Amino acid sequence: MATIYQPKRGKPRRSKQRNTSRQGTLATVTATIDTWDARGRGVSRSHQPVLFADGALPGETCRVAITKQKKQVCEGLVVSVEQASEHRIAPFCSLAEQCGGCALQHVAPEPALQWRQQALDSQFRRHHRLAALPWHPPIVSAHPGYRRKTRLAVDARDKNNIKLGFRAAGSSAIVDVPDCPVLVPSLNALLPELHKVVRQLKRPEALGHISLLASNNDVAVTFRITQTLSQQDREHLRRFAEAHQVVLRADYGDNGSELLWGEQDSLQCETANDCFISVTTEDFVQVNHDVNLAMVQQALDWLDLQPDDKVLDLFCGLGNFSLPMARKVSHVTAVEGVATMVQRADLSAQQQGITNISWRCEDLSNNDIVSALAIHNKTKVLLDPSREGAHTVCEQLAKRKVGAIVYVSCNPATLDRDIAPLLAAGYRINKVALMEMFPYTQHVEMMMLLTPQ
């Protein structure tokens, strides 16, 4: 049974948005790069103020265009490399300099992970006064063809030059992408066919974006429709779906969606312990199948789950961790803030005959709600929050002792912040590892096991 909370209606908060647009050059300097930061930017500490340079590698001497200047730091972009690192490689994608999707194609994968781990190791040890961190090998996957889910932007303002692809680096402009080597083969093979069908439409301007998902049992495509679609265009889309055997859905935004071709609710994505989650192209799904499986299995192993354990799974999403954990323990309480995800997760459990999960929809940023979760009755906890982190949850966990906490983080900065109350309360970092969910990008993820001393 899924329990759903109703959030109070009120004026929504406005979150401060950081301006990420590229700015004009303030100056051009020559700098020697010492290290990387966690995002994969070169750091020159010999330059004053300290310089962070996109496109630079440790050990290199580069010409850098300064784009942002503050009192203690400045940021810039590499204009030219005067002395290159042995780890610099040629990008495998012909659009690497234009497309904003993969910012780290210029560096070999292994040193890239090593440099980022060194940056995070230094950061965490300094912030928490730790002598050392118990690093385990990173979770990686075969690449480049790893990405099973993506969203393509459509620019049909000029019908003679329709663009279908991704945003340009540091810009809202759309780069036309006929081929994307980071997509799994089944999705990459669809790209030229999607270009054809979009250009055949009488009203291509009716398209907002196109979502693609390669699930374990089907490939699915969703067209976001922002204007009325003619019957002729609908037939074009259906013929495309039938010819390529993809599940096709039209998404009308607030007006709902429509299945144009394929089976209703047929998409399943595998997780550990022979479990699956039922998904749509618009759901949050980990884009890297291999890393996701290894990540879930490692979390279960680190928690050392036992048949009598009662586990609290917070920010559970569609049940990526909850479902496989339930096959190993006495009971799982799975909590998520999005009602539709909770309902779908509950349905996935029913489809697989899993009955020992209590699904709850709750606001995990609300201190009173978190304090009422009966944490003291749980033996182990798993956290998998969004980039905003789980500070409220960690403050409550610090007041109680559970046998083990695994924190799965897609944002090392909020993980760094959130573990402070746990360490102050006597927990210790037992294991930590990087996860390369998005190879060649500035995004890096971490998993950490904390246990009471």
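Scalar couplings 3J(HN,Hα) for region 382-393, obtained by applying the Karplus form with A = 6.51, B = -1.76, C = 1.60 to θ = phi - 60°, are 10, 10, 9, x, 6, 4, 5, x, 9, 5, 4, 4 Hz; x denotes Gly and Pro.
Think of a 1.4 Å ball rolled over the protein heavy atoms: region 88-180 then has 53 Å² of accessible area per residue. When both bridge partners sit in the chain, DSSP labels roughly 65% of those beta bridges antiparallel.
His127 sits among other residues whose Cβ lies under 10 Å from its own Cβ, and their net charge, with Lys and Arg +1 and Asp and Glu -1, is +3. Derived scalar couplings between HN and Hα for region 77-94 equal 10, 5, 8, 7, 10, 8, 9, 8, 6, 5, 8, 6, 10, 7, x, 7, 9, 5 Hz in order, rounded to whole Hz, by the Karplus curve 6.51 cos²θ - 1.76 cosθ + 1.60 (θ = phi - 60°), x for Gly and Pro. Take every Cα pair under 8 Å whose residues are at least 6 apart in sequence, average their separation, divide by the length of region 251-331, and the relative contact order is 29 percent. Around the amide H of Arg147, modelled in the peptide plane, lie the amide H atoms of Leu183, Val184, all under 5 Å away and 5 or more residues distant in sequence or on another chain.
A simple rule links phi to the HN-Hα coupling: the Karplus curve 6.51 cos²θ - 1.76 cosθ + 1.60 with θ = phi - 60°, which for region 253-258 gives x, 5, 8, x, 9, 9 Hz, with x for Gly and Pro.
Placing unit charges on the Cβ atoms of the charged side chains and taking the dipole of the chain about its Cα centre, the candidate lying farthest along the positive direction among Leu164, Trp36, Ala96 is Trp36. Between the amide H of Asp283 and any residue lying 5 or more places away or on another chain, no distance stays under 5 Å, with hydrogens modeled in the peptide plane.
What is the sum of charges around His209, taking Lys and Arg as +1, Asp and Glu as -1, for the other residues whose C-beta is under 10 Å from the C-beta of His209? That works out to +1. Only one of (i) 41; (ii) 48; (iii) 60 was calculated from the structure for percent of Cα pairs over 34 Å apart, and its label is (i). Remark: region 201-346 carries 39 Å² of accessible area per residue (probe radius 1.4 Å; ligands, DNA and RNA excluded).
For Arg344, the accessible area of its heavy atoms, probed at 1.4 Å with every protein chain present, is near 60 square angstrom. The helix-based estimate of mean residue ellipticity at 222 nm for the chain, built from -39,500 (n - 2.57) per DSSP H run of four or more residues and divided by its residue count, is -7000 deg cm²/dmol to the nearest 500. Distances between placed amide hydrogens fall under 5 Å for Met437 paired with Glu445, all partners being 5 or more residues away or on another chain.
Once the Cβ-Cβ distance of Arg125 and Gln69 is raised to the sixth power relative to R0 = 25 Å, the FRET efficiency obtained is 0.30.
Ranked from largest to smallest solvent-accessible area, with a 1.4 Å probe on the protein heavy atoms, Tyr407, Tyr440 come out as Tyr440, Tyr407. Surface composition of the chain: carbon plus sulfur atoms hold 47% of the accessible area, using a 1.4 angstrom probe and ignoring ligands, DNA and RNA.
Count the net charge of all other residues whose Cβ sits under 13 Å from the Cβ of Leu152, scoring Lys and Arg as +1 and Asp and Glu as -1.
Net charge around Leu152: +2.
Given an 8 Å cut-off on Cα distances and at least 6 residues of separation, report the relative contact order of the chain as a percent.
It comes to 13 percent, rounded to a whole number.
The values are calculated or read from the model by the stated rules, or taken from the named source; none is laboratory data. What you see is a predicted model; the values in this text were computed from it and never measured. Glycine gets a Cβ as well: all are built from the backbone with ideal geometry, and neighbour counts include every protein chain shown. What goes into the accessible areas is simple: the full protein's heavy atoms, side chains included, and nothing from ligands, DNA or RNA. Shrake-Rupley method; radii C 1.70, N 1.55, O 1.52, S 1.80 Å.
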